[in-house]
Amino acid sequence: MAMEYEIIHKEIKDADGITCYIKTGEIVRCKYCIHRPWDNGGYWPSVESPDRVCPFLCNDDDYNDRLPPSDDFYCKYGERKDNG
């Protein structure tokens, strides 16, 4: 499966009126993110994470931890895995 890269860009016009696209970031989907939590299949709490950066995890109470709604979700904390 080919990895998809989605680029965030800003469109500007230069002094000559030519449209330019400036790369300002990249969208990283949950399925490619190093912070993605997973369900460990156990009882409460059943959501685990490598570093608790994901916004679906509550640092105050593990009871409120949840998984992202889908693999295609993304947020501002997304960082691409080295192998994905």
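Some values worked out for this structure:
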| read-out | value |
| --- | --- |
| Over 17 Å [Cα-Cα, the chain], rounded percent | 56 percent |
| For peptides 65-76, 30-41, sequence by mean Cβ density within 10 Å, most packed first | 30-41, 65-76 |
| Under-5 Å amide H pairs with residue 27, H placed in peptide plane, nonlocal only | 6, 7, 8 |
| Fully extended contour minus Cα-Cα distance, from residue 80 to residue 53, at 0.36 nm per residue | 8.4 nm |
| Calculated log₁₀ intensity ratio I(q)/I(0) where the Debye formula runs over C-alpha points of segment 45-84, q = 0.20, 0.28, 0.36 Å⁻¹ | -0.67, -1.14, -1.36 |
| Anchor residue 23: lysines whose Cα lies under 17 Å away (excluding residues fewer than 8 positions away in-chain) | 10, 13, 76 |
| Under 13 Å, Cβ to Cβ, from residue 59 - net charge with Lys/Arg +1 and Asp/Glu -1 | -4 |
| Gain upon complete extension [residue 43, residue 18; 0.36 nm per residue less C-alpha separation] | 3.1 nm |
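Values in this text are rule-based calculations from the coordinates and carry no lab data. In this text, all values refer to a predicted model and were calculated from it rather than measured experimentally. Methodologically, a virtual Cβ is constructed for each residue, glycine included, from the backbone with ideal geometry; neighbour enumeration extends over all protein chains shown.
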